[in-house]
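Below is one structure, written out as structure tokens; the observations come after it.
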Amino acid sequence: MARANVYITRMIPQETIDELKKLHDVEVNELDRALTREELLKAVKGRDAIISLLTDTIDGDVLDSAGPHCKIVANYAVGFNNFDLKAATERGVVMTNTPGVLDDATATHAWALLLTTARRISESERYVRDGKWEGWAPMAFIGQDVDGKTLGVAGLGRIGKKFAKKGIAFDMDIIYTNEHRDLAFEKEFNARFVDKETLLKESDYLSLHLPLLADTKHYIGEKELGKMKPTAILINAARGPLIDEKALVQALKNKVIFAAGLDVFEDEPKLAPGLVELENAVIVPHIASATIQTRLAMGKIAINNVISVLNGEAPQTCINPEVLK
Ligand code: DGY
């Protein structure tokens, strides 16, 4: 196989880059930041393959800039709302993602957010670090119980399922919404399939595990927040635009719900005005898959996909399989 010209839009684990370099010429964006649109358009020119990030919009213009030799864009993420799949398919470019390997890391991270918000860990830690603690206080940092509560899961894909399963350890009642019922899951975890209205009204903890699509944008807005319990906690480690962030800020301010744990935001890295000041919001910078093992596994899938396609073979995780026909 002739050596191809591969571009990686930002540093990913070095081991995976070294592996790819054994077979192909690889250039990596050395800047410690995402490329601007202009930089991206320029950097992809003449490449045979691209490994992109979820922060890179890969549309027709980028693919045209890459040119007719570009055979694959491999996203270093499971989510691919940054891809224009139609534009890629029209140009015969294979698009791939990294499903499967980040399910546990993401579900565990959603749980970390849940426990942190329920037990007010972030704000109480800030309090101690700020030197404000004067000793045990009966009414300080009162949070919410987790054990035995109702765990609402919006979207029962791989990550949603892993997240729900972990609720069993806390003796939780699991309710879920999904495109389809999963009877085996219901039986195994005594889970209940409900409509969105019931999910909003009954969840003590509501965690979003939906893909970002036109009809899931603002899945949670002012109306939905108004239906939730005042003691409820909302968790989002999926995609920011699933929540109307401005409406959430108002709801948290006015104690419409108890708290929110957020890994993702509507317009990253910008935050809705007022969010950062709210003690009942736990906010972390889109790190759900950020473990050494998971990021390495994501890198392996991305490079294997590139190697396969450049070799004329089907990739492991194609998201526009019609181009392979
Ligand atoms: C993804 O993969 O889609 C996550 O958001 C980042 O790992």
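Summary of values
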read-out	value
Three semi-axes of the equivalent ellipsoid, region 103-283, Cα gyration tensor, whole Å, largest first	26, 19, 14
For region 273-325 versus region 112-138, the gap between their alpha-carbon centres in whole angstrom	32
Antiparallel bridges, percent of DSSP beta bridges restricted to region 220-301 (to nearest 5)	10
The chain - accessible surface per residue (Å², probe 1.4 Å)	49
Label zone at Q250 (point 7 Å along Cα-to-Cβ), backbone N below 11 Å, region 173-210	none
Carbon plus sulfur fraction of accessible area for the chain, probe 1.4 Å, in percent	53
Principal axis box of the chain, alpha-carbon based, largest edge first, Å	69, 50, 32
Beta bridges per DSSP with both ends in region 103-283, % antiparallel, nearest 5	5
q = 0.16, 0.27 Å⁻¹, region 116-186: log10 I(q)/I(0) [Debye, one scatterer per Cα]	-0.68, -1.19
Bins of 5 Å from zero: percent of alpha-carbon pairs in region 1-143	2, 9, 15, 16, 13, 10, 7, 7, 7, 6, 4, 3, 2, 0, 0
Percent of C-alpha pairs per 10 Å bin, region 141-232, short to long	17, 51, 28, 4
Vicinal HN-Hα couplings computed from phi for region 134-149 (Karplus, 6.51 cos²θ - 1.76 cosθ + 1.60; Hz; Gly/Pro x)	10, x, 4, 9, x, 10, 8, 6, 6, x, 10, 5, 10, 4, x, 7
Beta bridge orientation in the chain: antiparallel %, DSSP, nearest 5	5
Length-normalised contact order for the chain - Cα pairs under 8 Å, 6+ apart - percent	18
Exceeding the 31 Å Cα-Cα cut-off - candidates K86/K165; K165/K217; K187/K246; K71/K166	K86/K165; K187/K246; K71/K166
At least 18 Å along the helix axis (C-alpha) and Kyte average at least 0.0, DSSP helices within the chain	103-118, 292-310
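The values are calculated or read from the model by the stated rules, or taken from the named source; none is laboratory data. Remember, it's a predicted structure, so these values are computed and weren't measured experimentally. Positions of Cβ are generated from backbone atoms using ideal geometry, with glycine treated the same way; all protein chains shown enter the neighbour counts. We work out accessible area using only protein heavy atoms, side chains counted, and drop any ligands, DNA or RNA first. Shrake-Rupley method; radii C 1.70, N 1.55, O 1.52, S 1.80 Å.
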